[in-house]
1. For the stretch 47-104, name all the residues that are acidic (D, E) and surrounded by fewer than 20 Cβ atoms within 10 Å (Cβ to Cβ).
2. Taking the residues in the stretch 128-147 that are under 16 Å from S201 (Cβ atoms) and part of a loop (DSSP other than H, G, I, E, B) as candidates, determine which candidate is farthest from the chain's Cα centre (by Cα).
3. What number of residues within the stretch 246-256 are surrounded by fewer than 21 Cβ atoms within 10 Å (Cβ to Cβ) and either in a helix (DSSP H, G or I) or touching a helix residue (DSSP H, G or I) at 6+ places or on another chain (Cβ under 9 Å) (or both)?
4. Tally up the residues in the stretch 120-145 that are in contact with a His (Cβ under 8 Å, 6 or more places away or on another chain) and within 17 Å of E92 (Cβ to Cβ), please.
5. Please return the ranges of strands (runs of 3 or more DSSP E) entirely within the stretch 1-110 where 2 or more residues are among the charged types (D, E, K, R), touching a residue at least 12 places away in the same chain (Cβ under 8 Å) and at positive phi.
6. Taking A150, is it under 23 Å from G37 (Cα atoms) and either without any contact (Cβ under 8 Å) to a residue 24 or more places away in the chain or not in a loop (DSSP other than H, G, I, E, B) (or both)?
7. Return the residues of the stretch 116-144 that are within 27 Å of S11 (Cα to Cα) and surrounded by 16 or more Cβ atoms within 10 Å (Cβ to Cβ); say none if nothing qualifies.
8. Which one is modelled with the lowest pLDDT, of the residues in the stretch 149-173 that are within 11 Å of the chain's Cα centre (by Cα) and farther than 14 Å from L183 by Cβ?
Amino acid sequence: MHFAFLGTSGSVPSAARDTTSLVFVVPQGGILIDCGGSPIQKLRRAGVDPNALAVVVITHIHPDHAYGLPALIRNLSVLGRQAPLTIYCRPEHVGPLRDLLTLFNTLERPGMFALTLRPIALAEGAHAFDLGPLAVRTSPNVHGAMPNFAVRVDAARGRSVVYSSDTRPCDAVVALAGGADTLVHDATYSERDRGHVGAHSTAAEAGDVAARAGVRRLILAHIGAEYHAEIEALADEARARFAGDVEIARELVPYPL
């Protein structure tokens, strides 16, 4: 059992880092959370069989988190997939995602595998689904005018991972991450650019959330491309607020569960 980042950048990729998404892998299949560009290639580079995906989770419909979805669905069909696939998203995003897939003629095609778009519950800590030893819960987070949610994945007899990309620091994420091993948190900005943060977080603010939640490890993700050449400085900003382990997310590298 493991998870891997397919991308770790903010909304604009750099030569080294693509937009943020990650995949959880267990013997029963995979869970892809958010879907940036070239998802099939990224899955293969991470050593994951694309046809092993059982679930896709789209946290919100900003382009960097959803624009790869039509390509994923179309390519899975071309690869001969027969197993059904479920896409989980917020209730208000079912329609837009359906429209996106319809635009690219990937929602329903003759002989295509069964594809279901299913809304999550909006209560804090709501159970979303299980896959083998993984139990998945969600909580709304705070991303300006865009409805969004964080995801917690609990592995039976293993580690718990909370993913909250694209968010301001908020109590709901602190509560969802309580007692988890790892928090993956938005770290789009440095403190020196606090005036531009908008609906995102600084690395230091991610450290604050990790400290409040009592997690063991903080992984910084959704990092603005302008910081990729000085990325360890962001980790140091988080370490000033959080005494646990702080890492910069690494792409295509397996993290054990």
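1. D49, E92, D99, listed by residue number.
2. Taking the stretch 128-147 and keeping what is under 16 Å from S201 (Cβ atoms), we get 139-144, 146.
From what's left, part of a loop (DSSP other than H, G, I, E, B): 141, 143-144, 146.
Working: N141: 13, H143: 14, G144: 18, M146: 16 Å.
Restricting to residues being under 16 Å from S201 (Cβ atoms) and part of a loop (DSSP other than H, G, I, E, B), the top hit is G144.
3. Of the stretch 246-256, the ones surrounded by fewer than 21 Cβ atoms within 10 Å (Cβ to Cβ) are 247-248, 250-256.
Applying the additional criterion that residues be either in a helix (DSSP H, G or I) or touching a helix residue (DSSP H, G or I) at 6+ places or on another chain (Cβ under 9 Å) (or both) yields 247-248, 251-252.
The total comes to 4.
4. Residues flagged as in contact with a His (Cβ under 8 Å, 6 or more places away or on another chain) and within 17 Å of E92 (Cβ to Cβ) within the stretch 120-145 amount to 2.
5. Values: elements: 2-7, 21-26, 29-33, 53-57, 85-89.
Passing ranges: none, list empty.
6. Numbers: under 23 Å from G37 (Cα atoms): yes; either without any contact (Cβ under 8 Å) to a residue 24 or more places away in the chain or not in a loop (DSSP other than H, G, I, E, B) (or both): yes.
Considered against the rule, which asks whether it is under 23 Å from G37 (Cα atoms) and either without any contact (Cβ under 8 Å) to a residue 24 or more places away in the chain or not in a loop (DSSP other than H, G, I, E, B) (or both), A150 comes out as yes.
7. L117, I120, E124, A128, V136, R137, T138, S139, P140, N141, V142, H143
8. Selected residue: D166.
The values are calculated or read from the model by the stated rules, or taken from the named source; none is laboratory data. None of the values given here were measured: they were computed from a predicted structure. Note: ideal-geometry Cβ built from the backbone for every residue, glycine included; neighbour counts use all protein chains shown.
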